[in-house]
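Here is the structure we will look at, set down as structure tokens.
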Amino acid sequence: MFKQSKINTFTIVIFSWAKIEPKEGVYDFEWLDNIFDRVEQQNGNIILATPSALHWNHIRLS
């Protein structure tokens with residue numbers, strides 16, 4: 001579908017910190033590796049954004 005639409009550049013990980021760190025101190029990059037692999041197979045480009053916006057569970061009030 002992306003090839004037919006002539007889309008070859010993807011901006012990823014915007015506001016995805018909760019997916020990257022589902023639990024405090026536990027990081028999961030497998031889903032991101034999968035995206036990189038799929039974009040590479042299509043000869044695409046990736047713009048890696050800042051995965052800001054911490055998950056609300058990670059915010060500590062002192």
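What follows draws every value from the coordinates through simple rules; no lab data is involved. Just so we're clear, the structure is a prediction, and the values are computed from it rather than from any experiment. Note that we place each Cβ from the backbone using ideal geometry, even for glycine, and neighbour counts take in every protein chain shown.
Distances between placed amide hydrogens fall under 5 Å for Ser16 paired with Ser52, all partners being 5 or more residues away or on another chain. Summarising the amide proton neighbourhood of Phe10: residues at separation of 5 or more, or on other chains, whose placed amide H is nearer than 5 Å comprise Asn45, Ile46, Ile47.
Electrostatic bookkeeping for Gln42 treats Lys and Arg as +1 and Asp and Glu as -1; over the other residues with beta carbon under 13 Å from its beta carbon, the sum is +1.
Between Trp31 and Lys6, the simple spin-label model (points 7 angstrom out along Cα→Cβ) gives 3.2 nm.
Scalar couplings 3J(HN,Hα) for the stretch 17-27, obtained by applying the Karplus form with A = 6.51, B = -1.76, C = 1.60 to θ = phi - 60°, are 4, 4, 7, 6, 10, x, 10, 3, x, 10, 10 Hz; x denotes Gly and Pro. Excluding same-chain neighbours fewer than eight residues apart, the aspartates and glutamates reachable from Lys19 by a Cα-Cα span under 12 Å are Asp28, Glu30.
Taking 35 Å as R0, compute the FRET efficiency from the Cβ-Cβ separation of Lys23 and Asn43 and round it to 0.05. Once rounded, the FRET efficiency stands at 0.50.
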